[in-house]
Amino acid sequence: MPRVKIRAVPPPLPDRPGRWKLLWRRQRRLLRPTAIASTVVTVLILLAVGVNMIGRGAPLRERLGRATAGMGLDVQHITIEGRQKTPEAAVRAAIGMGPGDPILGFSVSAARNRLEGLTWVRSAVVERQLPDTIHVVLNERTPFAVWQIDGRFTLIDRAGKVVTDSDIAAFRDKLPLVVGAGAEAAAAPLIDSINAVPDLMPRLVAAVRVGDRRWNLCMTSGADVLLPEGAEPQALAKLAELQLTKALLDRPLQEIDLRLPDRLRLRPMTEGPCGQRPGQTATVMPKRAT
């Protein structure tokens with residue numbers, strides 16, 4: 001008996017959607033972005049209305065902060081990096097926010113300006129990290145010298161900016177002393193030149209600015225070393241050579257005049273240290289001799 005092959009009959013093709021059905025599908029796809037946009041706009045309008053109702057007359061940032069505080073957007077953590085000398089209480093007061101305050105009501109720029117107004121702070125970075133953290137990074141000034149002017153002592157940084165006028169005694173034997181008007185701005189090149197000369201810095205009591213144009217060095221021996229204007233490194237190198245060969249800074253000299261490159265003028269001790277008459281009040285802060 002012959003075999004009979006049975007072929008599978010394919011299922012019938014679905015009916016092609018009608019014209020109106022295709023049109024409705026196309027319109028529905030187009031309406032989805034519009035519906036989403038409408039929802040976002042509605043939420044923003046409701047939020048704006050709520051902000052306006054919460055704090056009429058208050059700045060927008062404050063009203064926004066109050067409106068969102070109940071949504072978990074309030075300060076819970078304040079982190080501070082780089083603080084060593086700046087009092088923590090002063091930093092937190094400059095930030096101006098505390099736990100529970102609305103984080104969206106916080107002005108980053110205003111807080112940064114307040115922080116950079118603190119004497120120890122050179123620069124500050126302030127970040128709002130949602131939902132609940134304020135992060136602060138401080139770059140503090142480094143004390144470079146003690147500056148004496150009109151009987152007052154302050155710490156200055158390398159650029160001559162005042163760091164603080166308190167706790168100066170703690171730096172008396174650690175930092176060089178510069179004295180006089182203009183000394184703070186001109187101190188860095190001179191101190192660098194002195195540090196380049198071996199064993200000279202421990203002998204220095206103070207560097208006194210004269211006429212805001214040149215320097216006198218008051219030494220532990222009591223001598224005044226008169227430096228020329230604009231040629232301090234050369235004069236200091238000559239002084240180091242004279243100390244090595246003649247022990248000049250160990251002699252009872254009142255004055256060592258190095259202002260002229262081709263001659264040396266010496267004056268024997270007739271007064272007190274650095275030109276002070278016997279019984280005269282010291283004009284510079286005493287430094288422990290080494």
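The values are calculated or read from the model by the stated rules, or taken from the named source; none is laboratory data. From a predicted model like this one, the values you see are computed outputs, not experimental measurements. Every residue, glycine among them, receives a Cβ derived from its backbone with ideal geometry; neighbour counts consider all protein chains shown.
Considering region 206-218, and only residues there that are crowded, with 18+ Cβ neighbours inside 10 Å and basic (Lys, Arg), the residue that is farthest from the chain's Cα centre (by Cα) turns out to be ARG214.
Kindly check whether there is at least one residue in region 120-136 that is without any contact (Cβ under 8 Å) to a residue 12 or more places away in the chain and either outside the structural domain of ASP101 (by TED's automatic domain parsing) or aliphatic (A, V, I, L, M) (or both).
No, region 120-136 contains no residue that is without any contact (Cβ under 8 Å) to a residue 12 or more places away in the chain and either outside the structural domain of ASP101 (by TED's automatic domain parsing) or aliphatic (A, V, I, L, M) (or both).
Which of the residues that make up region 205-240 are charged (D, E, K, R) and part of a strand (DSSP E or B)? ARG209, ARG214, ASP224, listed by residue number.
Among residues belonging to region 244-254 that are free of Cβ contacts under 8 Å to residues at least 40 places away in the same chain and touching a helix residue (DSSP H, G or I) at 6+ places or on another chain (Cβ under 9 Å), point out the one that is nearest to ALA185 (Cα to Cα). Applying the filter and picking the extreme gives GLN254. Apart from one condition, PRO143 fits all of (1) closer than 30 Å to SER107 by Cα; (2) assigned to a loop (DSSP other than H, G, I, E, B); the exception is (1).
Tell me yes or no: at least one residue of region 189-204 is assigned to a strand (DSSP E or B) and touching a residue at least 24 places away in the same chain (Cβ under 8 Å).
Yes, region 189-204 contains a residue that is assigned to a strand (DSSP E or B) and touching a residue at least 24 places away in the same chain (Cβ under 8 Å).
Condition check: surrounded by fewer than 18 Cβ atoms within 10 Å (Cβ to Cβ), at pLDDT below 95 and among the acidic types (Asp, Glu). Does ASP192 satisfy that? No, not satisfied. Which residue is nearest to ARG141 (Cα to Cα), if the candidates are limited to region 111-125 and must be among the small types (Gly, Ala, Ser) and either surrounded by 14 or more Cβ atoms within 10 Å (Cβ to Cβ) or at pLDDT below 90 (or both)? So the residue we want is ALA124. The single condition among (1) at pLDDT 90 or above; (2) assigned to a helix (DSSP H, G or I) that VAL43 does not meet is (1).
Residue count for region 93-106, restricted to those that are under 19 Å from the mean Cα position of the chain (by Cα) and surrounded by fewer than 19 Cβ atoms within 10 Å (Cβ to Cβ): 2.
Any idea which residue in region 219-276 is nearest to LEU177 (Cα to Cα), counting only those that are surrounded by 18 or more Cβ atoms within 10 Å (Cβ to Cβ) and charged (D, E, K, R)? Here the answer is ASP224.
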